[in-house]
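Undergrad: Structure below; questions to follow.
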Amino acid sequence: MNELAQQIVSGLATGSIYASMALALVLIYRSMGVINFAQGEMAMFSTYLAWQFAQQGMPLWIAFPLTIAIAFAGAVALERVVVRPVERAAPLTVVILCLGLLITFNGLAGWIWGYTVRTFPSPFPTTPLHIGSAAFSSQDLGIIAVSLLSLGAISLFFGKTKLGLAMRAAALYPESSRVLGVRVGWMLALGWGMAAAVGALSGLMVAPVVLLEPNMMQGILVYAFAAAVLGGIDSPVGAVVGGLALGVGLNLIGAYVPVIGTDLQLTTAFGIIIVILLFRPAGLFGRRTMRRV
Amino acid sequence: MRVNKYWSVAVLALLVLVLPRFVPSYAAFELTFVGAYAIGILGLVILTGTNGQISLGHGAFFGIGGYAVAILAQKLGVPFWASVPLAAIVSGILGLGLGLVALRLEGVYLALATFALAVATPSTLKHFKSLTGGSQGLAVPSLSPPGPLHGVITSEQWLYYVTWVIAGALFLLTSIALGGRLGRALRAIRDNEVAAISFGVNPQRYKTFAFGWSAAYAGIAGAIVAIATGFVSPDTYTVALSLALVTGAVLGGIDTLWGALLGGVIVEFLPLLVQKINPAAPSVVYGIALVLFMIFLPGGIARSIQAVIHPLRLRREIHHARS
């Protein structure tokens, strides 16, 4: 029983990382109707920045917020300069442009920091936390707490602030919003910035676990795809629930189903994506779309 | 214009024939890879350029072709001339399977699913150790020239000729098929599926077929590369390979046969050229080129050259790219 509880908590920890990445994808999907394939590599690059700051002797409680701020500003600039020219182009064009960004960030990280695997400092204590007879890793609990706090902050931002309202309006009804004085272009850029900030946070959380290297986010991105698809790709709540469910599910499968184990987790994620898209394309919480032909 | 086309193909064929006489053996080896990548990218020209279905997972079919040849040769002793077509059939059938799934996924969703396939490929290959040899991979026997040519040409040169004969045949076949009814149907579905249906084109059948057809080409390309390198291992078939194929297709020109050929040249030589600067330089150059091409030259190099040669087409291309 204790072991099961520990597996579930550690699944919730990886799940909340998937949830953050999935939320980053959903934020951009809702505003532009595209998947930002570069989301994972942007997060990886930000994580390297934090590592660099820490190497220079900067304390983590300054380095991490600074990294997230840079990720935000960088993504706003990226949207304005690179994505804007293709905003109205066919989805495939935007997808390929995002792939270009993916390859570029991956290459830049390899160029600047090399391909050696590095350890990454964890902001959480290493002593386990005992509840009853079960011992939970403080890192796992820390990851869950940080992710839930940030996801809560984002939902408050969208629900309770005027800027959040303007962003939702710009995503759903760009033309009417423009008429009402919302600067739709800047709302998109802001969406990119927020997505990159959430992504950077998940990179910072996951790096102590998977270790820092230029390809570290590729698998995470696929799990985030699966989480977003599971929850419904236009639903922020769905992204979070999907991420947590996927984290717990994969962790339990890894621990108790030896046939799949840990080798086939990515394959399982691929299978989940296919099955959900085939049989319930709207996911658990997404809206069904109808199209007039 | 027609005459022009035949001449350029004839000159190219002659060039392919005599080139090994004038370049060192390792260059013939590199040109073999150009041919193989061109075949793989030709598959993307059919699928993405002509039919409008994106695949970010063609590296997986590349891998299936490579592993098919390795397993057939090592475990069953099947000779080259039989194993390459079999590799094409195996990856073609799996491509048809993915094509059936792809029928229900559009645009971004298809990109997402095939990307997941590409990322999941190496760990899946590693898992089935008894068949794939796990992380070690499998050795692939090399191809030696037949009896009468023994000693006349090296085995690198022989593989070069075999590759380019296959490439030539596939390009010819594709050119004929895309120039006729099949090509028209595929393009009609890409441009307006509803209109295509009302003209009696069955999109399900054509789209599935395009996926299988294109996967078979990727399988052939993977088989040739496996024979040329002499081994297959899971880490060859990463998402980077899938992305390199897409990059080659986009930079070369995703909706022309010439684009596939140019793409093959780019995928083989661009990394060789820039990795002297830094091992990560190929990625940076690929990535930035993709971004710049999407913004400024969505038709790729081949379309841009055609626009220079035939200025009248330019306007039509711009119109096409914008719509």
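Undergrad: Assuming 1.002 mPa s and 20 °C, estimate D for region B:142-295 with Stokes-Einstein, Rh taken as the Kirkwood radius over Cα pairs, in µm²/s.
TA: Rounded, D is 118 µm²/s.
Undergrad: Here's something else I'd like to know. Can you give the log10 of the normalised intensity I(q)/I(0) at q = 0.14, 0.16, 0.20 Å⁻¹, computed with Debye over equal Cα scatterers of region B:1-137?
TA: So the normalised log intensities are -0.86, -1.03, -1.24.
Undergrad: Shifting gears a bit: Give, in whole angstrom and from largest to smallest, the semi-axes √(5λ) of the equivalent ellipsoid of region A:1-143, with λ running over the eigenvalues of the Cα gyration tensor.
TA: 33, 21, 13
Undergrad: Hey, could you get me the Stokes-Einstein D for region B:157-211, Kirkwood radius over alpha-carbon pairs, 20 °C and 1.002 mPa s, rounded to whole µm² s⁻¹?
TA: Stokes-Einstein gives a translational diffusion coefficient of 169 µm²/s.
Undergrad: According to the Cα gyration tensor, what semi-axes, each the square root of 5 times an eigenvalue, does the equivalent ellipsoid of the protein assembly as shown have, listed from largest to smallest in whole Å?
TA: 41, 29, 23
Undergrad: Per the Debye formula with a single identical scatterer at each Cα and no solvent contribution, what log10 I(q)/I(0) holds for region B:2-322 at q = 0.11 Å⁻¹?
TA: -0.69
Undergrad: Further question: Shielding of B:289-299 by partners, i.e. mean partner chain Cβ atoms within 10 Å per residue?
TA: For peptide B:289-299, the averaged partner shielding equals 6.
Undergrad: Name the longest site-free stretch of chain A, where the excluded sites are trypsin sites (Lys or Arg not before Pro) in a DSSP loop with no more than 15 other beta-carbon atoms within 10 Å.
TA: A:184-286
Undergrad: From the backbone phi of region B:87-104, what are the Karplus-calculated ³J(HN,Hα) couplings (6.51 cos²θ - 1.76 cosθ + 1.60, θ = phi - 60°) in whole Hz, Gly and Pro given as x?
TA: Values, residue by residue: 4, 4, 5, 4, 5, x, 5, 5, x, 4, x, 5, x, 4, 5, 5, 4, 9 Hz.
Undergrad: Check the straight Cα-Cα distances from residue B:75 and name the lysines below 23 Å, setting aside those fewer than 8 residues away within the same chain.
TA: B:126, B:129
Undergrad: A further question on this structure: About the Cα centre of region B:2-322, how large is the charge dipole given +1 on each Lys and Arg Cβ and -1 on each Asp and Glu Cβ? Please answer in debye to the nearest 20.
TA: Dipole size: approximately 660 debye.
Undergrad: If you take each beta carbon of peptide B:102-111 and count the beta carbons of other chains within 10 angstrom, what is the mean?
TA: If you average over the peptide's residues, the count of other-chain Cβ atoms is 6.
Undergrad: Averaging sequence separations of C-alpha pairs under 8 Å and six or more residues apart, then dividing by the length of region B:2-322, give the relative contact order as a whole percent.
TA: Once divided by the residue count of region B:2-322, the mean separation gives 32 percent.
Undergrad: Rounded to whole Hz and in sequence order, give me ³J(HN,Hα) for region A:143-153 from the Karplus expression 6.51 cos²θ - 1.76 cosθ + 1.60, θ = phi - 60°, writing x for Gly and Pro.
TA: With the stated coefficients, region A:143-153 comes to 4, 4, 4, 4, 5, 5, 4, 5, 5, x, 4 Hz.
Undergrad: Show me, bin by bin at 5 Å from 0, the whole-percent P(r) of region B:118-174 based on Cα pairs.
TA: 4, 16, 13, 12, 10, 16, 18, 8, 3
Undergrad: Dipole of the protein assembly as shown (Lys/Arg Cβ +1, Asp/Glu Cβ -1, origin at the Cα centre): which of A:200, B:12, B:154 lies farthest to the positive side?
TA: Looking along the dipole axis, the top candidate is B:12.
Undergrad: Taking the Cα atoms of chain A, what is the range of coordinates along each of the three principal axes, in descending order and whole Å?
TA: Taking max minus min along each principal axis of the Cα atoms, chain A gives 60, 48, 36 Å.
Undergrad: Using just the helices of chain A, give the 222 nm mean residue ellipticity in deg cm²/dmol: DSSP H runs with n ≥ 4 each add -39,500 (n - 2.57), and the total is spread over all residues, rounded to 500.
TA: That comes out to -24500 deg cm²/dmol.
Undergrad: Which one, B:32, B:83, B:289, projects farthest toward the positive side of the charge dipole computed for chain B from Cβ point charges (K/R +1, D/E -1)?
TA: Value: B:289.
Undergrad: Right, here's the next one. How big is the convex hull of the Cα atoms of region A:80-133, per residue, in Å³?
TA: 213 Å³
Undergrad: What ranking do A:186-197, B:279-290 get when scored by the average of other Cβ atoms within 10 Å per residue, highest first?
TA: Descending mean neighbour count gives A:186-197, B:279-290.
Quick note: the coordinates plus some simple rules give every number you see, no bench work behind them. Model, not experiment: these values are computed from the prediction. As a convention, Cβ positions derive from the backbone with ideal geometry for all residues, glycine included, and neighbour counts pool all protein chains shown.
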